[in-house]
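Reading through the structure tokens given below for one structure.
The values are calculated or read from the model by the stated rules, or taken from the named source; none is laboratory data. Please read these numbers as outputs of a predicted model, since none were measured by experiment. Note that we place each Cβ from the backbone using ideal geometry, even for glycine, and neighbour counts take in every protein chain shown. Note: accessible area is taken over every heavy atom of the protein model, side chains too, but ligands, DNA and RNA are not part of it. Shrake-Rupley method; radii C 1.70, N 1.55, O 1.52, S 1.80 Å.
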Amino acid sequence: MNRRDDTSHVHPPKRSEEPFQAVAMPVERASTVVFDDLESFELRVERLYDGFSYGLYGTPTSRQLEDHIAVLECGSRALVVPSGMAAMTLATMAVCRGGESVLIPETLYGPARDMAERFLGPLGIEAVSYNARLDASIAAMIDGRTRLVWVESPGSATFEVQDVPAITAAAHKAGALVAADNTWASHLLFKPLAHGVDISMQALSKHAGGHGDLLMGSLAVHDHALFRRLKDTARFLGYGVSPEDCALCERGLMTMPVRMRHADGTARKIVAWLS
Ligand SMILES: *Cc1c(COP(=O)(O)O)cnc(C)c1O
């Protein structure tokens, strides 16, 4: 073994510049990335939201999936995180501070209700439960401390369909933001951002993943300042996603409309049989 061997082992031959476009999403793994020069290294923080500076803050693979989710949710930006629960905790923590409160429907996904009460409560963020059937009358439950209102339509387990536009209007009038857990309907059947909701969240672990082998969550928004707040909070919490999982999720998205149509047909047959 000589020194030259050592060097050649850490410098693979230059990548071919011949164009290559795989049909499937390419997987790019990275923690540390190489910068062109000292100046671009020093300006790396500016690339937190759009470019690349460190694998934890985004890879071409995770950004591509995020761009895709943003399009599907009819938003301007999206963020992917390690699970649906991570997305719900992140959204709530990015928006609410100690001394403020968050409204959650009684039908909200159980573990998220638990998180709001047992994790956010001790941090001084009060979780106030509301009846999912409330419409504009939810205004009576919103006060000066209310910073965020969660909706889930249809709601977990009992499938109440909420009056999202009325709830959103009441929340906005009082200066509160609205976040939707859009996991059950998914972007195919409901587009919360088109109804005024500020943050549309999905557990991609469910319909998008589609095969029971993926954990991931997404947050889609219209507002760029809100996106930056979510992205900063994800950075502080150290949330990152594996590029393999992103590619798996992208593969799931490709067949999602076909699977959803089939699930719809099957559900209708069961309803007919039951009735
Ligand atoms: C599964 C689920 C979540 C949480 O997603 P995970 O990826 O399992 O953390 C949130 N909301 C709803 C409605 C879900 O079904």
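Residues satisfying the criterion are absent from region 31-48 (criterion: within 16 Å of the ligand (Cβ to nearest atom), assigned to a helix (DSSP H, G or I) and of a type in the set (D, E, K, R)). For the condition within 16 Å of the ligand (Cβ to nearest atom) and within 15 Å of the chain's Cα centre (by Cα), LEU214 qualifies. The numbered conditions (1) assigned to a loop (DSSP other than H, G, I, E, B); (2) more than 16 Å from the ligand (Cβ to nearest atom); (3) among the hydroxyl-bearing types (Ser, Thr, Tyr) are all true for THR7 except (1).
Taking region 143-169 as the range and being open to solvent by 10 Å² or more (accessible area, probe 1.4 Å), away from the ligand (no atom under 16 Å from the Cβ), free of Cβ contacts under 8 Å to residues at least 40 places away in the same chain and within 25 Å of the chain's Cα centre (by Cα) as the test, the residues that pass are ASP163, PRO165, ALA166, ALA169.
Return the residues of region 64-123 that are over 19 Å from LYS206 (Cα atoms), out of contact with any helix residue (DSSP H, G or I) (no Cβ under 9 Å at 6 or more places or on another chain) and of a type in the set (Ser, Thr, Tyr); say none if nothing qualifies. Scanning region 64-123 gives a single hit, SER101.
For region 181-209, the set of residues classified as without any contact (Cβ under 8 Å) to a residue 40 or more places away in the chain and either farther than 20 Å from PRO165 by Cβ or more than 10 Å from the ligand (Cβ to nearest atom) (or both) consists of PHE190, HIS195, GLY196, ASP198, listed by residue number.
Go through LEU90, LEU103, LEU72 for me and flag whichever is surrounded by fewer than 21 Cβ atoms within 10 Å (Cβ to Cβ) and either more than 16 Å from the ligand (Cβ to nearest atom) or under 21 Å from ALA171 (Cβ atoms) (or both). Every option except LEU72 fails the conditions. Only one of the listed residues (ARG15, ARG97) is in contact with a strand residue (DSSP E or B) (Cβ under 8 Å, 6 or more places away or on another chain), surrounded by fewer than 21 Cβ atoms within 10 Å (Cβ to Cβ) and part of a loop (DSSP other than H, G, I, E, B). That residue is ARG97. Could you list, in sequence order, all residues of region 106-122 that are within 12 Å of the ligand (Cβ to nearest atom), part of a loop (DSSP other than H, G, I, E, B) and in contact with a strand residue (DSSP E or B) (Cβ under 9 Å, 6 or more places away or on another chain)? If the condition is that a residue be within 12 Å of the ligand (Cβ to nearest atom), part of a loop (DSSP other than H, G, I, E, B) and in contact with a strand residue (DSSP E or B) (Cβ under 9 Å, 6 or more places away or on another chain), then LEU108, TYR109 are the ones that fit.
For region 209-225, the tally of residues that are open to solvent by less than 10 Å² (accessible area, probe 1.4 Å) and touching a strand residue (DSSP E or B) at 6+ places or on another chain (Cβ under 7 Å) stands at 6. Pairing each residue of region 102-115 that is over 18 Å from ALA136 (Cα atoms) with any residue that is polar (S, T, N, Q) and within 11 Å of the ligand (Cβ to nearest atom), provided the two are 6+ apart or on different chains, yields C-beta distances under 7 Å for LEU108/SER156; TYR109/SER156; GLY110/SER156; MET115/THR89.
The residues of region 75-85 that are assigned to a helix (DSSP H, G or I) and open to solvent by 10 Å² or more (accessible area, probe 1.4 Å) amount to a single one, MET85. Here region 55-69 is the region considered, the condition is being in a helix (DSSP H, G or I) and of a type in the set (Ser, Thr, Tyr), and the residue that is most open to solvent (accessible area, probe 1.4 Å) is TYR57.
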